[in-house]
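Notes follow the structure.
What follows draws every value from the coordinates through simple rules; no lab data is involved. Please read these numbers as outputs of a predicted model, since none were measured by experiment. Note that each Cβ is placed from the backbone with ideal geometry, even for glycine, and that neighbours are counted across all protein chains shown.
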Amino acid sequence: MRTFHEREFPRLLDLLYDAALDPERWQAFLDALPGPFGGACGVLHFYDVTKRTITGFHNFGGDVSFVTSYEKHFASVNPYPASGFEKIPVGELVCATNLLAASAVEKTEFFNDWMMPQGITSDHLGVSLCRDKSSVALLSIAPHASVYRNNRTTYERRFALLVPHLIRAVEINHAMAAARTAERTLGTSLDALRLAALVVDGAGRLLLANQRAEDLLRRDRVLCTDRSKRLHAANCAENSAFAAAITCAVRPPPALTTQPVRLTSRASGRVFIGWAVPMRAVLPNGPSHRSQFTLDLGTEATVLVLVVAAECALSIPPEVIQAAFKLSAAEARLVSALIAGRTLAEYARDSGHSRNTVRNQLASALEKTGTRRQAELVTAIVGTLGMFGSRCVVPSSR
């Protein structure tokens, strides 16, 4: 065991954790197992619980001709019940005879014409690496019969040392796959927005950005990141207000005071407007289409930063606002105008309503949405319905 501890085990762990981070490297790890395990051969099985079928396998250590013959014929006569994989406790080293008695196996064509010529015994070893409602992963390893009988305890101890690391590697694989899926989903959702959109964590570190936002970072130089990937306004004079907007968006809903901030392009001098919007519902149990974007991003607060050119603002149709927040038609039209960058005075003038009427509509909308200020109201609705918006030219004040 000393040689194994000093040489083989560290090398196997290096290969195993490479495979944990990159599933394509599993074969390299498996191909390294035969050496310290008495010329072993084996297979990593993946079993679909719902379909009760083996969905994939990686062979190692065996003659290529036997792998080919397994795929062509012997898979169909394999006596080991695939459903038995479900019964093996995760992490428990088991003998193949736990699935099927040696006396039953050794009478079969599979054993006599496929297992025995390769030196695979009927009591070879296996371990379940994961099991959930949809799948099972099982690693089987069979040291050659010529050495296994006299060194079984040694090989069991070596395999047992690897088991917790094997399980952890599979868990990392799953976590990495989930993270990649979440990133693809969120990235696709951000690209669907018709304005620049960036996601930052509670410390302001950039997590994701759509293509329009990448342009702001690289070409327009409206925003930038430091060595810690924290997002900043490219214009230093504007960064305090920008950082404060992100901080406010991270706070619990009662403390939310986020307002749009001014951002200037260092490349062209153009002026942009930015909003920092909580990625989760502003209101407790309130409607939030953003929640679908935050799958597998963890429980840490995240903020959606939306940026548009100052001459353009976000336009969300009143009927969408009315349906989502149960406002009256008049209240929804007012809120839509505020989101588009209009002031109360401009809306009152253009709609033909008195300022008192417009203030009453605003007060009613604030009450129905549970917000306290106009800026909170705009933030809440942009945060929830921003993906339904489009950009529109804001008319200048008369």
Quiz item: If you take the square roots of the eigenvalues of the alpha-carbon gyration tensor of the stretch 10-85 and sort them as a ≥ b ≥ c, do you get rounded (a/c under 1.5), prolate (a/b over b/c) or oblate?
Solution: oblate
Quiz item: Relative contact order, percent, of the stretch 2-180 when contacts are C-alpha pairs under 8 Å separated by at least 6 residues?
Solution: 26 percent
Quiz item: Using all Cα-Cα distances in the stretch 2-180, what percent lands in each 10 angstrom bin from 0 up to the longest?
Solution: 9, 38, 39, 13, 1
Practice problem: Tell me which residues come under 5 Å, amide H to amide H, from residue 270 once H is placed; ignore anything under 5 positions away on its chain. | Solution: 265
Quiz prompt | Proximal aspartates and glutamates relative to residue 133, as straight alpha-carbon distance under 12 Å, when same-chain residues fewer than 8 apart are discounted | solution = 48, 86
Quiz item: Under the classification rounded if a/c is under 1.5, otherwise prolate if a/b is larger than b/c and oblate if not, where does the stretch 20-61 fall, given a ≥ b ≥ c as square roots of the Cα gyration tensor eigenvalues?
Solution: oblate
Exercise. Name the residues whose placed amide hydrogens come within less than 5 Å of the amide hydrogen of residue 135, ignoring near sequence neighbours (fewer than 5 apart) on the same chain.
Key: 49
Quiz item: How large is ³J(HN,Hα) for each residue in the stretch 349-359, as worked out from phi by the Karplus curve 6.51 cos²θ - 1.76 cosθ + 1.60 (θ = phi - 60°), to whole Hz, x for Gly and Pro?
Solution: 5, 6, 8, x, 8, 6, 5, 5, 4, 5, 5
Self-check item: Inter-site label distance for residue 262 and residue 133 at 7 Å from Cα along Cβ, in nm
Solution: 5.3 nm
